[in-house]
Amino acid sequence: MQINGKKKTVNAPQKKVYDFLSDFNNFEHLMPEEIINWKSDKEHCSFTIKGMADLSLKFSKKEPHTLLELVPDGKSPVNFTLLVRMEPDDLNEQKCIARVDVDADLNPMMAMIAKRPLENLANSMTDHLNKYFEKQHK
């Protein structure tokens, strides 16, 4: 199941956003309220989705300034990949465009159950990313 998150303009240059997102310690600022028990270091994180599952993530690919690929680290109830994409804002080099996509290997029944929470995760991450950098500029 492919979920393409909404593109969001972020009030920071692409390199700054990439550098921020390259450290899992910063991801806690981006998580929806359903995420609890957050633990992280630079390369890994673990958390609980309220009422659902415990997950651990790691970076599987880092393409400077354009892409971060996050995958489960260890046992996971679902096989999935989070792709954090960044591209320049052609109108303003002090901003960039970010999007989170989800690629999950789910059977049709699980896809129906998981689609909305995964869309929420993808879109709330970019919303929170934008809000975080807006606060930094005030």
Between [x] 48, 34, 30; [y] 43, 29, 26; [z] 39, 34, 31, which entry matches Cα extents along the principal axes in Å as derived from the coordinates of this structure? [y]
If you fit an axis through the alpha-carbon atoms of helix 108-136 and take the longest principal axis of the Cα set of the chain, what angle between them do you get, 0 to 90°, nearest 10? 30 degrees
Amide H contacts of Ile97 (H built 1.01 Å from N, under 5 Å, at least 5 apart or other chain): Val10, Glu87, Asp89
Checked the stretch 59-138 against the a/c 1.5 cut and the a/b vs b/c comparison, axes a ≥ b ≥ c from its Cα gyration tensor; verdict prolate
In nm, the gap between the two label points placed 7 Å beyond Cα toward Cβ at Asp103 and Glu43 is 2.2 nm
Packing rank of 39-46, 86-93, 106-113, where each peptide gets the mean count of other beta carbons within 10 Å, highest leading: 39-46, 86-93, 106-113
Which of the listed residues, His29, Pro13, Ser46, is farthest toward the dipole's positive end in the stretch 8-51, when Lys, Arg count +1 and Asp, Glu count -1 at the beta-carbon? Pro13
If you filter the stretch 1-93 for chymotrypsin sites (Phe, Trp or Tyr not before Pro), then keep DSSP loop positions with at most 15 other Cβ within 10 Å, what is left? none
Residues whose placed amide H lies under 5 Å from that of Ser60, excluding near-sequence neighbours: Glu69, Leu70, Val71
Between Leu91, Leu57, Pro117, whose Cα lies farthest towards the positive end of the dipole of the stretch 2-136 when Lys and Arg beta carbons carry +1 and Asp and Glu beta carbons carry -1, centred on the Cα centre? Pro117
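Among Lys15/Lys131; Lys7/Lys135; Lys7/Lys75; Lys7/Lys39, which pairs are too far apart, with a Cα-Cα distance over 24 Å?
Lys7/Lys75; Lys7/Lys39
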Where nothing but the Cβ of Lys and Arg (+1) and of Asp and Glu (-1) is charged, how large is the charge dipole of the chain around its Cα centre, in debye to the nearest 20? 220 debye
Can you list the residues of the stretch 26-48 with backbone N under 12 Å from a point 7 Å past the Cα of Thr81, pointing along Cα to Cβ? none
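Computed from the coordinates by the stated procedures, all read-outs in this text should not be read as laboratory data. Bear in mind that the values here come from a model prediction, so they are computed numbers and not experimental data. When we count neighbours, we look across all protein chains shown, and the Cβ atoms used for this are built from the backbone with ideal geometry, even at glycine.
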